[in-house]
Amino acid sequence: MEDDTGRFVVLTSGRTGSTFVRLWLDSHPSIRSHGEVFLRAYGAMDGFMHYCRSSPARRIVFAVAGHRRLSRRSWNLPLRTLTRGFLRRLLYDPEHSAPWTDMETWNDYQPRSHDAPEETVGFKLGYSHLRDFSYIGTWLERESVGIVHLVREDPLAQLVSRRTAMARGVFHSTGRVDRVTVELDPDQVLSTLRRMTVARASMSHRFSGPRFLEISYEGFFGESSDSVRSELLGFLGVSRNGVTPPSLRRMNRAPLREMVENWEELVEALSGTQFERYTPPSKEGRPGTR
């Protein structure tokens, strides 16, 4: 049965610090913050895929209507019904699995704690998930759901973070990771950065309003982090008391020029574009040596 618990999503794209932010929010005694529950490869028990597979009837509906070519269609009523049922279960069923907090046990059922009442419940929603399941966008627009738009002001750093994570085969870690370098196709980088910029602007335009808060990776982890974090918790209607940082560690600490093997070639390709500012000159005046 539905109650007055608040609802929110952390709307974002990859490599924006969203897993850290999600776990940070979940550490608050009054917040239940789930991960990428609509990711098709997500295996945790609080996710949509587990919900679909845990019932023969739902498994059949998803097998028929859940193909990506169909799941994006607004007229796909069977999948809309399935998605709506999952959202009710996620938000209001006291037996639904709690969010994972430990990467060692994330595929296990997570028991819910009832020591403190949940004042707000949410989950992480990727841009691709919003495209992949048409009903989610309708749900966000029609229901009273707070939307935290987490972005990264430097899309080039975001792209390099994604590529280095792919090179390592590790996307999150609580310990040290090996340092890696990558070679990037300059034309492909320019095209990708343009798509990333358009996607971010599209989300900001679509969901702008009093239920929408945009925060950045740079703000959340930078010098103004205290004010940004307080603003985020205030937006969700909870106090700052009781929140603790997760044990995740930053994976890339070297300057971009040291992680991109063909850095000078990339700098030249971005010169004269709107992305040139992400490869500023060094103090000596040589481009891209930050």
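Values in this text are rule-based calculations from the coordinates and carry no lab data. Just so it is clear, the model here is predicted, and its values are computed rather than measured. Cβ: placed from backbone, ideal geometry, glycine included. Neighbour counts: every protein chain shown.
Here are the numbers for this structure:
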item	result
Cleavage-rule hits, trypsin sites (Lys or Arg not before Pro), region 45-107, DSSP coil, Cβ neighbours within 10 Å at most 14	ARG72, ARG73
Net lengthening on full extension, VAL170/ASP132 (0.36 nm per residue, minus Cα-Cα)	11.2 nm
Chain lengthening between ASN107 and ARG211 when straightened (0.36 nm per residue, less Cα-Cα)	34.2 nm
HN-Hα J in Hz across region 75-87 - Karplus 6.51, -1.76, 1.60, θ = phi - 60°, x for Gly and Pro	7, 7, 5, x, 6, 4, 5, 5, 5, 4, x, 5, 4
Mean-position separation - Cα centroids, region 1-46 and region 155-175, in angstrom	20
In sequence order, calculated HN-Hα J values of region 43-58 (Karplus, 6.51, -1.76, 1.60; Hz; x Gly/Pro)	x, 5, 6, 8, x, 5, 5, 5, 4, 5, 7, 7, 9, x, 5, 5
Net charge of Cβ neighbours under 10 Å - reference ARG179; Lys, Arg +1; Asp, Glu -1	+1
Model label zone, THR5; criterion: amide N under 16 Å from point 7 Å along Cα-to-beta-carbon; scope region 216-243	237-238
Radius ratio Rg over Rh of region 50-204, counting only Cα atoms, Kirkwood formula for Rh	1.00
Residues ASP178 and ARG240, FRET efficiency given R0 of 41 Å [Cβ-Cβ distance, rounded to 0.05]	0.70
Surface/4 of the Cα convex hull for region 84-151, nm²	6.0
Region 88-123: GluC sites (Glu not before Pro) in DSSP loop, at most 15 other beta carbons within 10 Å	GLU95, GLU104
Contact order relative to length of the chain, as percent, for alpha carbon pairs under 8 angstrom and 6 or more apart	25
Stokes-Einstein translational diffusion, the chain - Kirkwood Rh over all Cα pairs, 1.306 mPa s, 10 °C, in µm²/s	77
Highest-MSF residue in the chain out of LEU213, LEU184, LEU90 [GNM, Cα springs under 10 Å]	LEU184
HIS149 long-range amide H proximity, modeled H, under 5 Å	LEU11, LEU213, GLU214, ILE215
Estimated inter-spin distance, ALA254 and GLU223, nm [label 7 Å along Cα→Cβ]	2.7
Computed E for THR197/ARG59 - FRET, C-beta separation, R0 41 angstrom, nearest 0.05	0.60
